[in-house]
Every structure is written in C-alpha cells, then in structure tokens.
Amino acid sequence: MSETFVVTEHLNGEFQDITFEMLGKAKSLGGNVTAVVFGSMKDKASELGAADAVISVGGSDDYNPEEYAAALKSLLNEKNPDLVLVGSTSMGMDIATPVGTALDIPVIAYCQAIEASDGGYTCTSQLYGGKMDVESKVSSPAIVMVSSGAFDGESGRVSGSPSVEDFSAEYGAGKVRFKALLSPEAADVDITQSNILVAIGRGIGSKDDVEVAEELAKALKADVAGTRPLIDAGWLPKSRQVGKSGLKVKPKVYIALGISGAPEHIEGMKDSSTIIAINTDKNAPIFDIAHYGMTEDLFDVVEDLMDEL
Amino acid sequence: MKVIVPLKLVPDLVEDLEVDGSGKALDKEDLKFKLNEFDDHALEEAIQLKENNGAEVVAIAIDGEGVDKLLFTALAKGADKSIKITGADPKDSHQLAKIFAEALKNEGFDLVLTGVQSVDDRDGQLGPILATYLEVPVVSVVSGLAVSGNVITLHKEYSGGFMAEYEVDSPAVLGIQAARQTPRYTPVSKIRQIQETATIESVDAGDAGVGSGSEVSKMAPPAKGKGAKMLGSAEELLAVLKEVGAL
C-alpha cells in the first residue's frame, strides 16, 4: 500500500488551510496518509482526522527553515514514504527542495493536480504566470509542492484520533535563528471586509494613474486593492495587497483593472462572488476565472463608465 | 562582504507563448527573453547593501543570447564584477543550481541573493537547491535585510501579511522577494559606456549533474473553463454592475 506523508503547516498555533487541502488530496489518492507535525502541534492531532497517523518531529513552535528541513530530512531518510506533499508556500519553499536535493528525491513545484500513475505520479504544475500547464511524470519516492487553493480543504478538515508517534529528529546546526513573528500593520481599510474592490495591476502603468481607480472606487463605494508589483513600487500600501503574500479576499464584486492574473494573485481573489476583468491582453489568465471581461483599454472603459455614472 | 547575484533570463510573458512540436516545451522561435523580475530585486538589494554597508557585488549568469547585455547592465547598475559561465545548457533548476554552485565554490562568497522564484522553475526554486549544493543555510521569500558582521537579520514573508524576523549566519543563500526599493533603471547610454570600458569575466562550466530526476511529459495552455462573458461597452458593464449589486 502506498504511503503519503503530508508536511503540515502552522502559524500562531493554528494549522493553515494548505494543511487540510493537502490532507484531503492525500486521502483521495488512497493508501496510508501520515501527517508530519512540528513543535507542539501534536497536541492538536485531533484536527488531523483525515490522516491515518501523525508523526511529531518536535522542534520549535516557531517555523525555522533550517530546523524544519533538517527534521524532515532525517524523518524521510528513515521512513521512505512514496509521496511527500509540501505546500508551495513560503515555508514549503525553504524545505522541499533542500530535503529532496539532499536525499536525491525529485521535487515538482506549483502543483495543481496529482494523480497516481504506474510506479509514480503525474503532476501538473502551473508555470509561466499561469499561461502553461506543465505535466511531469515522476517515479516514487517524490516530493510534490502543492499550490495553495488547488485542492478543496473541506474533505481534509475532519476531526478524529489518528495515532501519534514521536520521532527523534535532527535539527541542524543553528545557523538560522527565529527572532519574532510580526503581525500585519494596522490598516486604514480592511480589504478582507470590503463589499466591492477595485483592484489594479501593472496595466495601470504609473503611480499617477492610481487616481483613476480611486475615482471609480469612490463612485462605486468600493475600496482600492492591488497586486504585488504595485505594492512593491510603493503605489499602494501593503495592507491593500491581494494574493499569495498579501491578503485573501472574497468581496461581492471584484473589479480587476490591468491585472493579468498570475497564479500568486488569483490565489488571493478567486473566491470573489463576481469577478469583472478589464485587460487588453485577451489571453490573460484572469479571463479564465473572471465572470465578465472586457479587452478595451482600462482608462477608456473607466472614463466611459464614469460618464455613465 | 562578497555578495553574489545569479541572474537568469526567462520568457517575457507579455508575448504569446506557444508550445513546440514536441508538445513538451515552449516554442523558442518567437520567444522574447527578459531578466527574471525577482533576480532584478536581488541585484537591487545587493547594490543597496554595497551603497549602505559596503560590499563587493558580483553578478553571474550562464552564457546565452542576451547574456552579455544582461551582465553589462548589472555592471552599469553598480555591480563590481560580472561573470559569464560558458559551455552549459541547464535543463532545469537542479542543473542550473549545480552549475552556479561549481562556479561559486571557486569564486568564494559570503552571501548569495537569488530571485525568490521564476516563471519556469518546475523542479523547485534555484535558491534552496543552490544552498543545498553549497552546504549553507537558506531562507526564501525575503524582503528587507541588514548585515552586521557575519550575521544577517532579515524579514521573511508569509501569507496574510505576516512576516517573521530571522538571524542567519553567513555564508548563506537568500531568496529575495522584494528589494528595499524598486529596482533601479539604467539608461541605455550608461550601459553602452560600460561596454566600452568594462569586461566580463568568463569561466568554464563545471559538472551540471543529472538534474531533477523528473521529465516534462506534456505542456499545454490551461484548458479554458467557461471563461468570462465578454462585454463590449461601458453600458453593458454598467448593466452588469447594477445586476450584481455594485450600484
């Protein structure tokens, strides 16, 4: 019977959504499912009912890239599971490839689909900003990095009483030291609570043109949000960032102006009730998830719309 | 402190991407390449370190079309040295990392700043693999760092706007998400000027290793879902906004 390990992820003592998404997927693949937990998270093993077993590798409660990678490496070296699921996340990025590379186990990143195929797995990665689906065949053992939101978390969010085993792991040389967890800065507007969002991407072109979005937002009683590059450029505050390293939003209406729809952005807004995308690139991935689309120049559209309002 | 920045050209996603005859790779015919945007942030952060703390910045890339211009641009931006690795054609992130690792073992380094990810790193991101080959610690998704002696204090980003502060002993590899300021723009005239005076060092590629241990079996644009209902005018958009309760 195949053995799948799910490397759980937690923050502030809570398992993160990706944990349950991976557990649900692991369960659907069949075989035995083991959840690997860190720090004192074994105390919450009852939340991991989708797993048949839980292995605690201990270590600090606060995520430490060096320590968690060393612990996982020592565990996999001894247990040799067929498949290891790790989040394609900030944490997963630090540990999946170092462990895979050190143990000579292949790693596939950004996976949106995983199927068992003879003697291994077929994984589909979303690459090139979401413009290509790339299928890889890999023989087991394999480490697969699972994209956030790729799988439904509900089937993995089951309470139960899996067996709990303590594993005496290695923790590395102490070259990386956790100092502090920093909570998000207080914001003037909490975009996760907004009813309507006018979100802007690189297509907006310049800092001065952010005004165009602000005017539209005002007319619609909406708030303004944006993609990572705009926040990095300082055009909008960090508290307005939607996506992988920003916030997850699900407003009633999400109006995407000049947003191509990179996977990192889509992860943060795909659950919006209605998505309206305006982008001149008709092949932009945003149109695959939008309910309504326009390929006209966003400034023309907004100007025409403002005239109508 | 000697800071190395590996640079990589990736397909420009503004162009239409096509799959070639094999069905497993991009058609390179009409592909345009540009610097991986996160590598640009890594380079900027390295130059910031140089300007604020004093550091030697070395840009390094694998030879190919457009790489000379890339490396001269790095010099024009403020890198002290550019190195071109010749005779290599890495097929994935593992081989790319192995080739860089071999070159860096000879070159020496205190810190390697890579872009956190790129649009084609199917078998994992460069930074963590490179760190494993170099046997040094790695932290990914870094925005903001400070150096004091051989200790680097940095911020690593999580989802939901959370960040964590870590201390890392150098030598180390850091995957840069964002530089402390927007990567600088260099006018073409300045790059031309550098081309007249500066030289790019060349080194032969070492062993590329066996790669990631997995192969691409198929590449295709994502299957189109129902897709968006396309609207032709502001009036139609207005009607939709009313229908969904935005007005």
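None of the figures in this text is laboratory data; all of them are computed from the coordinates on show. This one's a predicted model, so the numbers in the text were calculated from it and none came from an experiment. Note: ideal-geometry Cβ built from the backbone for every residue, glycine included; neighbour counts use all protein chains shown.
A few points about this structure:
- Across region A:72-197, Cα-Cα pairs farther apart than 26 Å form 40% of the total.
- Region B:156-203: C-alpha gyration tensor shape, a/c 1.5 cut-off, then a/b vs b/c: oblate
- Average partner coverage of B:164-177, which counts Cβ from other chains inside 10 Å: 4
- Part-to-part distance (alpha-carbon centres) for region B:193-247 and region A:2-60, which is given in Å: 32
- Residue-wise HN-Hα couplings along region A:163-170, as the Karplus relation 6.51 cos²θ - 1.76 cosθ + 1.60 with θ = phi - 60° gives them from phi, are 5, 10, 10, 8, 10, 8, 9, 8 Hz; Gly and Pro carry x.
- Amide H contacts under 5 Å for A:VAL37: A:ILE55, A:SER56, A:VAL57, restricted to partners 5 or more places along the chain or on a different chain, H placed in the peptide plane at 1.01 Å from N.
- Helical content of chain B, expressed as a calculated mean residue ellipticity at 222 nm, amounts to -9000 deg cm²/dmol (DSSP H runs of 4 or more residues, -39,500 (n - 2.57) each, divided by residue number, nearest 500).
- Estimated translational D of region A:191-308 in µm²/s (Stokes, Kirkwood radius over Cα pairs; 4 °C; 1.567 mPa s): 95
- Value of D in µm² per second that Stokes-Einstein yields for region A:3-166, Kirkwood Rh from Cα pairs, at 4 °C (1.567 mPa s): 84
- For region A:208-242, the residues whose backbone nitrogen is under 15 Å from a point 7 Å from the Cα of B:LEU247, taken along Cα to Cβ, are A:216-222.
- Contour minus Cα-Cα distance for B:GLU15 and B:LYS69 (0.36 nm per residue): 17.4 nm
- Separation of region B:81-129 and region A:99-153, taken as the distance between their Cα centroids, equals 21 angstrom.
- For B:TYR158, the residues whose amide H sits under 5 Å from its own are B:MET163, B:ALA164, ignoring neighbours fewer than 5 places away on the same chain, with H placed 1.01 Å from N.
- Label-point separation, A:ASP104 to B:ASN52 (7 Å along Cα→Cβ), nm: 4.3
- Expressed in Å, the radius of gyration and Dmax of the Cα atoms of region A:141-220 are 22.4, 60.
- Cα gyration tensor, region B:104-160 - rounded (a/c under 1.5), prolate or oblate: oblate
- Taking the helices alone, chain A has a mean residue ellipticity at 222 nm of -7500 deg cm²/dmol, built from -39,500 (n - 2.57) per DSSP H run of at least 4 residues and averaged over all its residues.
- Counting, for every residue in A:284-295, the Cβ atoms of other protein chains within 10 Å of its Cβ and taking the mean gives 5.
- A Stokes-Einstein calculation at 20 °C with viscosity 1.002 mPa s, built on the Kirkwood radius of region A:224-272 over Cα pairs, returns a diffusion coefficient of 202 µm²/s.
- What the phi angles of region A:125-141 give under the Karplus curve with 6.51, -1.76 and 1.60, with θ = phi - 60°, is a coupling list of 9, 8, 10, 6, x, x, 8, 9, 9, 10, 9, 10, 9, 9, 8, 7, x Hz, glycine and proline written as x.
- Max-minus-min Cα coordinates of region B:94-247 on each principal axis give 65, 42, 41 Å, with the largest extent listed first.
- Taking region B:1-127 and dividing mean pair separation by its residue count, relative contact order in percent (alpha carbons under 8 Å, at least six apart): 33
- Cα gyration tensor shape for region B:2-217, rounded if a/c is under 1.5, else prolate or oblate: rounded
- The share of Cα pairs per 20 Å bin across the protein assembly as shown, counted from zero up to the longest distance, runs 21, 55, 23, 0 percent.
- On the principal axes of its alpha carbon atoms, region B:45-148 extends 37, 29, 28 Å, with the longest extent given first.
- Expressed as a whole percent, the proportion of Cα-Cα pairs in chain A lying more than 28 Å apart is 45%.
- Cα-only Debye scattering, region B:90-185: base-10 log of I(q)/I(0) at q = 0.12, 0.14, 0.25 Å⁻¹: -0.39, -0.53, -1.33
- Label-zone membership for region B:4-21, site A:ASN283, 7 angstrom Cα→C-beta point, backbone N under 12 Å: B:12-20
- Put simply, when B:197-207, A:105-115, B:76-86 are sorted by average Cβ atoms within 10 angstrom per residue, most first, you get A:105-115, B:76-86, B:197-207.
- Amide H within-cut-off set for A:LEU247, under 5 Å, with H built and near neighbours excluded: A:GLN241, A:VAL242
- Phi-derived couplings, Karplus 6.51 cos²θ - 1.76 cosθ + 1.60 at θ = phi - 60°, listed residue by residue for region A:277-284: 10, 10, 7, 6, 7, 5, 8, 4 Hz, with x used for Gly and Pro.
- Counting Cβ atoms of other protein chains within 10 Å of each Cβ in A:102-110 and taking the mean gives 5.
- Estimated dipole of chain B in Debye, rounded to 20 [Cβ of Lys and Arg +1, of Asp and Glu -1, Cα centre]: 400
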